[in-house]
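The values are calculated or read from the model by the stated rules, or taken from the named source; none is laboratory data. A quick note: this is a predicted structure, and the numbers were derived from the prediction, not measured. Note: ideal-geometry Cβ built from the backbone for every residue, glycine included; neighbour counts use all protein chains shown.
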Amino acid sequence: MDFLPTSSASRPSLRRRLDQLGIGLAGLCALHCLATLVVVSALGLGGHFLLEENIHRIGLALAVGVAAVAIGWGVLRHRRMLPFVVAMTGLVLMAAALVVQHGADELLLTLAGVAIVSLGHVLNLRAAR
């Protein structure tokens with residue numbers, strides 16, 4: 001299976017799919033954060049897995065990779081910088097969440113970050129129309 005576009009006609013749909021993937025990853029990240037809060041707080045279970053630092057690092061790496069390709073590609077196409085600036089702001093907040101201790105600050109930074117990255121992808125989709 002070839003993941004690279006073979007013609008200019010397939011490029012917009014691949015970029016669109018990458019933006020949609022970015023939005024989906026942001027949703028999964030938010031769901032993970034909220035599930036962690038509920039499960040660990042209410043039941044005292046799963047802290048060793050749900051609070052695993054590598055989950056956050058991998059999530060940030062995926063978000064950076066997908067945003068770099070989808071939004072970078074979009075900026076080259078539509079020449080609007082707003083989606084890039086918005087997504088970068090969200091990625092910075094997500095990265096900041098990695099350096100604070102587990103708790104409310106981490107949760108708020110992560111949730112704000114994924115929401116803003118998702119908004120960057122939405123803006124990128126709209127700008128490409």
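Give the stretch 91-108 a look and list any residue that's closer than 16 Å to residue 35 by Cα and in contact with a His (Cβ under 9 Å, 6 or more places away or on another chain), or say none. Result: 106, single match.
Taking the condition among the β-branched types (Val, Ile, Thr) and either surrounded by fewer than 19 Cβ atoms within 10 Å (Cβ to Cβ) or within 15 Å of residue 20 (Cβ to Cβ) (or both), does residue 86 pass?
no
Would you say residue 108 is modelled with pLDDT under 95 and not acidic (Asp, Glu)? Answer is yes for this residue. Only residues that are among the aliphatic types (A, V, I, L, M), out of contact with any helix residue (DSSP H, G or I) (no Cβ under 6 Å at 6 or more places or on another chain) and modelled with pLDDT under 85 were counted across the stretch 1-30, and they come to 3.
Among helices (runs of 4 or more DSSP H) entirely within the stretch 47-114, having at least 2 residues that are in contact (Cβ under 8 Å) with a residue 40 or more places away in the chain singles out 53-78, 82-99.
Within the stretch 99-126, which residues are out of contact with any helix residue (DSSP H, G or I) (no Cβ under 6 Å at 6 or more places or on another chain), over 22 Å from residue 72 (Cβ atoms) and not aliphatic (A, V, I, L, M)? Of everything in the stretch 99-126, those that are out of contact with any helix residue (DSSP H, G or I) (no Cβ under 6 Å at 6 or more places or on another chain), over 22 Å from residue 72 (Cβ atoms) and not aliphatic (A, V, I, L, M) turn out to be 101, 102, 103, 105.
Listed here are the residues, each with its yes/no results for (1) over 20 Å from residue 19 (Cα atoms); (2) surrounded by fewer than 16 Cβ atoms within 10 Å (Cβ to Cβ); (3) modelled with pLDDT under 90; (4) of a type in the set (S, T, N, Q).
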position	(1), (2), (3), (4)
65	no, yes, no, no
70	no, no, no, no
101	yes, yes, yes, yes
113	no, no, no, no
126	no, yes, no, no
